[in-house]
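Note sheet for the following structure.
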């Protein structure tokens, strides 16, 4: 399956990496490397993670990664996975479907 990163995800990801890099650049680089590896592994196990808590759709899943939630949608017909968003679980407030 092809992994597609949404523009929203890309922007959030850069913001998180910049935040981590303020403390330690090597930690930000390691976080990026490990997250990219985890996203690539979704190709083989698209439904590995739980159904999203934020959407009422079996094809939208929540991957937990170092305190962050990565929301992605599986499209089996098109053979793709779209990564929708990444956020810190501890900083989330009143998230709705419109929030994504």
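Side notes on the structure shown:
Conditions (1) more than 17 Å from residue 88 (Cα to Cα); (2) part of a helix (DSSP H, G or I); (3) in contact (Cβ under 8 Å) with a residue 60 or more places away in the chain, marked per residue:
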{"position": "31", "(1), (2), (3)": "no, yes, no"}
{"position": "34", "(1), (2), (3)": "no, yes, no"}
{"position": "40", "(1), (2), (3)": "yes, yes, no"}
{"position": "46", "(1), (2), (3)": "yes, no, no"}
{"position": "54", "(1), (2), (3)": "no, no, no"}
{"position": "62", "(1), (2), (3)": "no, no, no"}
{"position": "73", "(1), (2), (3)": "yes, no, no"}
{"position": "77", "(1), (2), (3)": "yes, no, no"}
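- If the condition is being touching a helix residue (DSSP H, G or I) at 6+ places or on another chain (Cβ under 6 Å) and free of Cβ contacts under 8 Å to residues at least 24 places away in the same chain, then the range 1-29 contributes 17, 20, 21, 27, 28.
- Top-ranked residue in the range 89-100 [being within 16 Å of residue 8 (Cα to Cα) and outside any loop (DSSP other than H, G, I, E, B); ranked as modelled with the highest pLDDT]: 99
- Screening the candidates 81, 86 for the property of being surrounded by 18 or more Cβ atoms within 10 Å (Cβ to Cβ), at pLDDT 95 or above and more than 21 Å from residue 16 (Cα to Cα) yields one hit, 81.
The values are calculated or read from the model by the stated rules, or taken from the named source; none is laboratory data. Treat the numbers as computed from the prediction; the structure is a model and nothing was measured. Here the Cβ is made from the backbone with ideal geometry for all residues, glycine too, and neighbour counts use every protein chain on show.
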